[in-house]
Amino acid sequence: MKTKSELTKSILTARCGKIDPASIDDYIKAGGYKALKKALKMTQMDIVEEVRASKLRGRGGAGFPSGAKMEAVLNTEETPKYLVCNADEGEPGNFKDKYLMENDPYQLIEGMTIAAYAMGMVKGFIYIRGEYNRPIDLVSMALKKAGEKGFIGKNILGSDFSFDVEVRSGAGAYICGEEFALIESLEGKAGRPRNKPPYPTISGIYNKPTLINNVETFSNLPYILNEGAEKFAAVGTESSTGTRLVSLSGNVNNKGVFEVPFGVSVREIIDVLGEGVSGGREIKMVQIGGASGPCLPDSMLDIHMDYDVFARNSLSMGAGAVIVIDERFDVLEIVRQIMKFFKHESCGKCTPCREGNRQLLRILYKFISFTATRQDLALLESLCSVMVQTSFCGLGQAAPTALLSTLKYFREEYTSRIVEEMNA
Amino acid sequence: MQLKSIIEKYGRSSENLIHILLEYQSEKESNHISEDEVRRVADELNVSQSRVYSIITFYSLFSTTPRGKYVIQVCGDVPCYVNGSVDVLRELENILGISPGETTQDRLFTVERTSCIGCCDIAPAMRIGEELYGNLTPEMIAKTISLYRRKYNEDKE
Amino acid sequence: MVDITINGKQMTVPRGITILKAAKMAGIDIPTLCYHPDQFVKANCRVCIVEVEGDKSLPSSCSHEVRDGMVIHTNSRRVLEARKVILELLLANHDADCLTCHRNLNCELQKIANQAGVRVNRFENVLEKLPVDFSSPSIVRNSNKCVKCGRCVDICREVQGLNIVEKIGRSGDIEVMPTFGKYLSDVACVGCGQCSTVCPVAAIYEKEEIEEVWEAINDPEKHVIVQTAPAVRVSIGEEFGMEPGSVATGQLVSSLRRLGFDKVFDTDFTADLTIIEEGNELLKRMKTGGVLPMLTSCSPGWINFIEQYYPDLLPHVSSCKSPQQMFGALAKTYYAEKAGIAPENIFCVSIMPCTAKKFEAGRSEMRVDGQHRDVDAVLTTRELGRMLKQAGIDFTQLEDEEYDDPFGITTGAAVIFGASGGVMEAALRTVYEVVTGKPLLRLNFHTIRGLGGIKEAEVDLDGTIVKVAVAHSLSNAREMMERIRAGKAEYQFIEVMCCPGGCIGGGGQPYHTTDDIRMKRIVSTYQVDEELPLRKSHENPAVKRLYSEYLVEPLGEKSHHLLHTHYVNRKK
């Protein structure tokens, strides 16, 4: 069995817990802002190329190649362009962005500044969910201090480049993690997503070109600039370079945020980093990514954290959460909690998600209460399929994922509760 | 703070509606936004009342009906659920005599079920006001409630 | 141009069009619900989904553009099954009492559900019934039918600039309603009914007065007269499948006689009268330093707007009643005397393109005897259509008939009241001749016609330059009010119409009104004007007789008592 140090790597978390997160001097002493200084001497295209070569992919859940996104915005003619950091982190099971903002806020700011320079932006926003009061305070204070030292604001470090960032908060809506719902919220409205295409890179906030990335994605940029794309790409796997911040929770002994190189298996994360299931119990299932992710049985836990590996298995890694659920819990009860979440968080805009989520719960309850029929099973599968195929945005499309995965890996939990089968 | 000063603080633009409303709401013991206040905000920012109302009914942190001074949000999502969030709610019901959605008679506490608040590593967790509390046991919950009661009485004097 | 394949058929279509439009070109009508040609694409109903090869999802055809090489299937099994599920989901949160519903046989949801072959609903009905809002005299709101398409929100917020209804709440709790779920009568709604013209179902519709009219017609004691608005004659035909813009004046008259009205009159008559009174009022204000710019007052939705939102600017509004109300006042006095009938036995009905007229008719100021309404009932064009169908009258088979005397003679100036810019043009035709003493050679003022938001023109009255402006839809009205407040409105006279396009685009007009159809109705309106022998209000012989016999002079004492009114600060 591997050791903890073999399974972790400190690219993003090198300073976490070792410095005073509020102190800019600590950050600089620990190597901070070297990357920005370097970036300011490079051309925009060179920086974008470096990110491209690193093969960095979005860490929010979609996994879109970051370099390609940056290049698209760099090449867009329309101005002004805006930078947005998605710090909404509403996906249950995830707390890594909170961890980064509370322990190394300057890294995020530096990353954003580098990105803004590369694409020619003068204004940025960090959208932090309303419940994250401490990160809001810390990041706001860090921005102020960075401004005082000339690391952000007008004529950064004496250059021609000016970039300003505003912290905005959400007010309790998971949907605002979706990029267009986030933009609507930034514009002071209810967070209901817009039609895509056009994508935010063409028409985002104020209908201007906007690049939106996750906290973790931006936080990787200083390392990539400092150490180079090659060194970054050497970590992880061919398709998934660098590290993944894993939020480990549920029934494990050691919950927390772990920075693992891609390629580590889920089992290694649970057994080594998590120090095993609490109470020495058996695993019932593990949900990967968050509430919108698949639930895997014990037999699948040797799967590697790798975009391609997951895609080959028709699974999604999401934002990287690993939620361990032990044998005490009933599969259908867990699914019910997940569906309650989606029912509560649906924005209500489109028919399949608004009506579908609550209908799924109703049908699910029939299984839980042992009153389901074979037709109910067919209806469950039909409805899930329609939601996946026709929902307006990712929330409705991903809401049935957990349920569908349990239908695949724990089918007998459903079939054993069908009335006719019971009476057979 | 007066509404006008809150608006000056964040900037007189409809973009800042969410911040303005959050702060406006938090200033009140009843932790809610009334009809009158919706009208006032709409007038000050030159937007329709419907826009303001649509915001406070869309986002979970707002309430259009009076709540307690301390709103206790208990997370019920899977990471907290498998770590005993149901017990947390039960304990709160034992101590305060209220279920989720209700407010105590003395208007001090409201209990609400909330979606994940990012405290999965200290599950089961709850949020009171702007503070986060985790690894909750019945003793801790009782202690926390007493702390708030004491704080309230001290502030009154 | 791009090459695509739809249902196996290859075609070349313009770049940038939606799959929906491309399908239409191929003769395929993909069903839609939330889509409206005049509004921003919403894509929330998910009814118009199609299959695109290479795409795992089923994209909405209204919001996706065609791409070169795209292969589309609009009726694959996947699409038809998914559409059924979506419709069942909608119906599971709907009060589906179709047989007794206001929109039975005329409902977009019913049509699509039937088309899609929905035969069973596999989902449990989850509707939590809310009380129906009957508080407004103009419109009724029934949330239990709402499909959350957002069309009403769009038109009230973007076109009218009022945002009275909005999507409130989140998830399944979402409802379209006014702030705090209040009644329409408790919020600053103007009753324009634009929301009712875009609602695909019976969630918003006009308050019906058909029963009251039947009762009066069947009451032997009552002498029931009817007046028809200018806009109705170019729209009523649509209720019977005629092309938008069909002129059906003669048939309109005969249909009303077949219903049993004792006399059929034309509101155009009092429209001419309005021009005389209002034209003189304008000249008086210009001569004696009265409040300028003067604002027209015949649009009750607009009056409701200024009373509730800009009451400080009420002195600008002309004191003239609307043609509907002038007619009602004369009906209960001049006509009652002439016909020898006691006013209490006269039941005056008006056929209007407008829902706000229902509110206007009930105003306490609109009772010349201080007690009884001058206009007893208002039917919208849609209601007349329903009433005629109820009576089994086949409109298209009717012969043309003429209006009754003494209120049947009209001019082209009166007819164009129905179009935005029409009142202004009619007024200018008269004012020009009154001021210059010369006949107006060019009668058609083109710069103030059409669907442009705020239109301006300058008229040279033999040396005196009169600046005029025309605004339609309330967001433009608001812009105009702000200009006046800021002292930036250098006009003498402004026509304001509540509804986009003017009355022909009113809240009570036949369903599926679009900007396209508005234009057709406008074009027909001006055509009717061109073809009429009399085109200036002051040439109307019946109006002249009214003055010589009864009113004596414009703005005189009798006029003042019967034809003028005052307004109220109703700021909420």
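The values are calculated or read from the model by the stated rules, or taken from the named source; none is laboratory data. Quantities reported herein were computed from a predicted structural model and do not represent experimental measurements. FYI the Cβ positions are ideal-geometry reconstructions off the backbone, even for glycines, and counts take in every protein chain you see.
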Which one of the conditions (1) closer than 19 Å to residue A:63 by Cβ; (2) modelled with pLDDT of 95 or more does residue A:165 fail to meet, given that it meets all the rest? (1)
The range A:71-83, subset under 15 Å from residue A:123 (Cα atoms) and under 26 Å from the mean Cα position of the chain (by Cα), residue surrounded by the fewest Cβ atoms within 10 Å (Cβ to Cβ): A:74
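Would you mind stating whether residue B:134 is within 29 Å of residue A:258 (Cβ to Cβ), of a type in the set (Gly, Ala, Ser) and either more than 11 Å from chain A (Cβ to nearest Cβ) or buried (at least 20 other Cβ atoms within 10 Å of the Cβ) (or both)? First the steps, then the outcome.
Numbers: within 29 Å of residue A:258 (Cβ to Cβ): yes; of a type in the set (Gly, Ala, Ser): yes; either more than 11 Å from chain A (Cβ to nearest Cβ) or buried (at least 20 other Cβ atoms within 10 Å of the Cβ) (or both): no.
Taking the combined requirement at face value, the residue does not satisfy it.
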Got a sec? Which of C:148, C:167 is in contact with a Gly (Cβ under 8 Å, 6 or more places away or on another chain) and part of a loop (DSSP other than H, G, I, E, B)? C:148
Examine the range A:140-161 for a residue that is surrounded by 17 or more Cβ atoms within 10 Å (Cβ to Cβ) and touching a Pro at 6+ places or on another chain (Cβ under 8 Å), and state whether such a residue exists. yes
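Take residue B:18 and decide whether it is part of a helix (DSSP H, G or I) and in contact with a Lys or Arg (Cβ under 9 Å, 6 or more places away or on another chain).
So residue B:18 passes the test.
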Residue C:349 passes all but one of the listed conditions (1) touching a Leu at 6+ places or on another chain (Cβ under 8 Å); (2) surrounded by fewer than 24 Cβ atoms within 10 Å (Cβ to Cβ); the exception is number (2)
Do we have any residue at all in the range C:156-167 that's more than 13 Å from every other protein chain (Cβ to nearest Cβ) and without any contact (Cβ under 8 Å) to a residue 12 or more places away in the chain? no
I need the full set of residues from the range A:286-321 which are in contact (Cβ under 8 Å) with a residue 60 or more places away in the chain, touching a Leu at 6+ places or on another chain (Cβ under 7 Å) and either of a type in the set (Phe, Trp, Tyr) or closer than 23 Å to residue A:4 by Cα (or both), in order please. A:320
I'm trying to understand the selection: among the residues of the range C:403-444, which are surrounded by 19 or more Cβ atoms within 10 Å (Cβ to Cβ), in contact with a strand residue (DSSP E or B) (Cβ under 8 Å, 6 or more places away or on another chain) and without any contact (Cβ under 8 Å) to a residue 60 or more places away in the chain? C:428, C:432
Mind listing whichever residues of the range C:90-117 are in a loop (DSSP other than H, G, I, E, B), out of contact with any strand residue (DSSP E or B) (no Cβ under 6 Å at 6 or more places or on another chain) and not basic (Lys, Arg)? C:92, C:93, C:94, C:95, C:96, C:97, C:101, C:104, C:105, C:106, C:107, C:117
Enumeration of residues in the range A:290-322 that are within 12 Å of another protein chain (Cβ to nearest Cβ) and within 21 Å of residue A:58 (Cα to Cα): A:290, A:291, A:292, A:293, A:314, A:319, A:321, A:322
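Could you tell me whether any residue of the range A:348-367 is more than 11 Å from chain C (Cβ to nearest Cβ) and more than 19 Å from residue A:178 (Cα to Cα)? Can you show your working first?
Let us first name the residues in the range A:348-367 that are more than 11 Å from chain C (Cβ to nearest Cβ), namely A:364, A:367.
Filter once more, keeping what is more than 19 Å from residue A:178 (Cα to Cα): A:364, A:367.
The answer is yes; a qualifying residue exists.
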Can you say whether residue A:86 is touching a strand residue (DSSP E or B) at 6+ places or on another chain (Cβ under 9 Å), surrounded by 24 or more Cβ atoms within 10 Å (Cβ to Cβ), touching a residue at least 40 places away in the same chain (Cβ under 8 Å) and facing chain B (nearest Cβ under 8 Å), as far as the supplied structure shows? no
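Condition first: buried (at least 24 other Cβ atoms within 10 Å of the Cβ) and either basic (Lys, Arg) or at pLDDT 95 or above (or both). Can you find one or more residues in the range C:239-247 that meet it?
Initially, the range C:239-247 is screened for residues buried (at least 24 other Cβ atoms within 10 Å of the Cβ), giving none.
No, there is no match, as no residue in the range C:239-247 is buried (at least 24 other Cβ atoms within 10 Å of the Cβ) and either basic (Lys, Arg) or at pLDDT 95 or above (or both).
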How many residues does the range C:389-401 contain that are closer than 12 Å to residue C:251 by Cβ and surrounded by 11 or more Cβ atoms within 10 Å (Cβ to Cβ)? 7
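Just name the residue that is nearest to residue B:113 (Cα to Cα) out of those in the range B:77-87 that are at the interface with chain A (Cβ under 7 Å from one of its Cβ atoms) and touching a Ser or Thr at 6+ places or on another chain (Cβ under 9 Å). Can you show your working first?
Residues of the range B:77-87 that are at the interface with chain A (Cβ under 7 Å from one of its Cβ atoms), as a first pass: B:77-79, B:81-82.
Within this subset, residues satisfying the condition of being touching a Ser or Thr at 6+ places or on another chain (Cβ under 9 Å) are B:77-79, B:82.
On the way: B:77: 9, B:78: 13, B:79: 14, B:82: 15 Å.
By that ranking, first place goes to B:77.
Residues of the range A:191-248 being within 14 Å of chain C (Cβ to nearest Cβ) and assigned to a helix (DSSP H, G or I), which ones?
So the first thing to find is which residues in the range A:191-248 are within 14 Å of chain C (Cβ to nearest Cβ), and the list is A:191-199, A:202-203, A:207.
The one that is within 14 Å of chain C (Cβ to nearest Cβ) and assigned to a helix (DSSP H, G or I): A:207.
For residue B:9, state whether it is in contact (Cβ under 8 Å) with a residue 40 or more places away in the chain, surrounded by fewer than 22 Cβ atoms within 10 Å (Cβ to Cβ) and away from chain A (no Cβ under 12 Å). Lay out the reasoning, then the answer.
Numbers: in contact (Cβ under 8 Å) with a residue 40 or more places away in the chain: no; surrounded by fewer than 22 Cβ atoms within 10 Å (Cβ to Cβ): yes; away from chain A (no Cβ under 12 Å): yes.
Answer is no for this residue.
On the basis of being modelled with pLDDT of 95 or more and surrounded by fewer than 22 Cβ atoms within 10 Å (Cβ to Cβ), does residue B:100 make the cut? Don't jump to the end; show me each part of the working.
Values: modelled with pLDDT of 95 or more: yes; surrounded by fewer than 22 Cβ atoms within 10 Å (Cβ to Cβ): yes.
Yes, satisfied.
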